[in-house]
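Beneath this line is the structure, given in structure tokens, with notes to follow.
The values are calculated or read from the model by the stated rules, or taken from the named source; none is laboratory data. Keep in mind the model is a prediction, meaning the values are calculated, not measured. Here the Cβ is made from the backbone with ideal geometry for all residues, glycine too, and neighbour counts use every protein chain on show. Note: areas computed on protein heavy atoms with side chains; ligands, DNA, RNA excluded. Shrake-Rupley method; radii C 1.70, N 1.55, O 1.52, S 1.80 Å.
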Amino acid sequence: MDSEHRNYVGGRWVDAASGRTLTSLNPADHDDVLGTFPASAADDVARAVEAARAAYPAWRRTPVPKRADYVLRVGLILEQRKEELARLMTREMGKTLRETRADVQEGIDFCHYMAGEGRRFFGLTMPAELPSKFSMTVRHPAGVAALITPWNFPIAIPLWKIAPALVCGCTAVFKPAEDTPLLATILVQLFEEVGLPPGVLNLVHGLGEEAGAPLVEHPGIDVVSFTGSREVGTIVAEVCARLGKRCSLELGGKNALIVMPDADLDLAVEAAAWGAFATSGQRCTSTSRLIVTDEVRAEFTRRLLERVATMKVGSGLEPDVELAPLINAKQKERVLEYVGVGTQEGAVVLTGGHELTGPGYERGNFLEPTVFDNMTPGMRIAQEEIFGPVTGIIAASTLQEAIEIANSTEYGLSCAIYTRDIGATFIAINELEFGVVYVNAPTIGAEVQLPFGGMKGTGNGHREAGPQALDEFTEWKAVSVDFSGKVQKAQMDE
Ligand code: UN1
């Protein structure tokens, strides 16, 4: 494969005007270069937005089932190329092959789900209070969309945005994370391969400050869909508020798993280990707080440490590795810093806490799985998203206290409870302030037909995936047709 990649603007592959490039490296082996990509700036962004604007009128008028067909066909190609793309994704993003296969699969599932929406796209009909009047709602596309995605799900998350945007009749400019530009490029190539009209989907590579910021600011963008850090998301929200744009944000979590005294401890331990350390803790849904009731805390801790001791760290291509490298050196440093912060705050490292640098680890960003004990709810490590293989145990004495602790952060994405008590289950369902709640299942592993997103600081009230995905990219139009032959006056005519 050609290793010099380009932006995709108006159906053409083009370099950044400046000619500058960025390089994508394998997080498990820095000597393995995946390619170079344009370091785009405001002028490149402007061209992409113009192309998307030019394509918008015709795309908006294309019948919905036809728009959805392109998405279906991309899903079918992804099925054929799943293994190849999963391998490339492990090379570019790092996570294990089992996980990259699942990432591609999540993309396939969502393409198929959204393709079905092309033949639903339901509105409502409702009665009119006046005679000879018909009322209904129809969806109208939100316009030209900016889609800004993170590196942790290089295929699934872009498709959570691209697929509904296109089905809804939006045209789009896609700005993927600079750490996973190759997978983003291939994804856009698939839309080209299925014959998507030029300009409907445009790709601009680059850094957030250089390419993402001018994209959000551009007056030709009507709606912004952003997944990333709370810090950047707040800036996106402020800019959009100032410019009167719609935006939907998914900004991470501080996800908790509650273990009740009657829990099946083996399942709870496995869910904790999987939820905390899959993708090396680099999921918005990763379990970073284990809220364990007093009766089972000692035994849960013992079994968890036993399980963590079996976890192998290494290249995601090796079959028995459970913790693959972190995305880049900066992220690794950030996580190590948090380990220091936690220790200073008085939490105790039960296992892990170090970088791995020995044979096999020299050229990547490898960290040990880390478990803190004596974490208390107010600590920074219990409040801030770390996005690495770090979790901590917080003690709780009752269900009520466990729920209060779970709710005590600014985030509200994913929460799990392990219990066999039906009462505790429903109290938790009612009281937890999280957009995603699991009973006897880990905090990670959302399925595409369910709405995904969080309460409080995790977002701004929007949901991705599920039927709600359409709301991100459409406006509702309330339509009334009066065939009475009179000017009827609502609320006045008898
Ligand atoms: C994310 O990390 O932003 O629920 C998304 C999960 C995945 C999606 C995570 N299906 O863990």
Just give me the residues in segment 353-373 being open to solvent by 70 Å² or more (accessible area, probe 1.4 Å) and within 14 Å of His30 (Cβ to Cβ), in sequence order.
Thr357, Glu362, Arg363
For segment 447-487: of the residues being of a type in the set (S, T, N, Q) and not in a loop (DSSP other than H, G, I, E, B), which is nearest to the ligand (Cβ to nearest atom)?
Thr458
Applying the selection to segment 138-192, what residues are charged (D, E, K, R), within 15 Å of the ligand (Cβ to nearest atom) and more than 21 Å from Val33 (Cα to Cα)?
Lys161
Let me confirm something: among Thr234, Thr279, which residue is closer than 24 Å to Ile386 by Cα and within 16 Å of the ligand (Cβ to nearest atom)?
Thr279
Conditions (1) open to solvent by less than 50 Å² (accessible area, probe 1.4 Å); (2) over 25 Å from Asn460 (Cβ atoms); (3) among the small types (Gly, Ala, Ser); (4) free of Cβ contacts under 8 Å to residues at least 60 places away in the same chain -> Ala424 fails only (4)
For segment 269-283, pairs from a residue that is in the same structural domain as Gly316 (by TED's automatic domain parsing) and farther than 20 Å from Gly314 by Cβ to a residue that is more than 10 Å from the ligand (Cβ to nearest atom) and at pLDDT below 95, with Cβ under 6 Å and 6 or more apart or across chains, are none
Residues being open to solvent by 10 Å² or more (accessible area, probe 1.4 Å) and over 30 Å from Asn328 (Cα atoms) - total across segment 264-300
10
Consider segment 237-274. How many of its residues are farther than 14 Å from Ile386 by Cα and within 16 Å of the ligand (Cβ to nearest atom)?
9
Go through segment 1-115 and tell me which helices (runs of 4 or more DSSP H), entirely inside it, have 1 or more residues that are open to solvent by less than 20 Å² (accessible area, probe 1.4 Å), of a type in the set (Lys, Arg) and out of contact with any strand residue (DSSP E or B) (no Cβ under 9 Å at 6 or more places or on another chain).
64-80
Counted residues in segment 448-474 being at negative phi, in contact with a Gly (Cβ under 9 Å, 6 or more places away or on another chain) and in contact (Cβ under 8 Å) with a residue 60 or more places away in the chain come to 12
How many residues are over 21 Å from Asn328 (Cα atoms) and not hydrophobic (A, V, I, L, M, F, W, C) when one looks only at segment 21-60?
8
Of (1) over 14 Å from the mean Cα position of the chain (by Cα); (2) open to solvent by 10 Å² or more (accessible area, probe 1.4 Å), Ile148 satisfies every one except (1)
Screening Leu317, Leu304 for residues that are touching a residue at least 60 places away in the same chain (Cβ under 8 Å), away from the ligand (no atom under 16 Å from the Cβ) and under 30 Å from Thr398 (Cβ atoms) leaves only Leu304
Going through segment 320-349 one residue at a time, which ones are part of a helix (DSSP H, G or I) and among the acidic types (Asp, Glu)?
Glu333, Glu337, Glu345
Hey, Ala395 within 16 Å of the ligand (Cβ to nearest atom), touching a residue at least 12 places away in the same chain (Cβ under 8 Å) and either surrounded by 18 or more Cβ atoms within 10 Å (Cβ to Cβ) or in a strand (DSSP E or B) (or both) or not
no
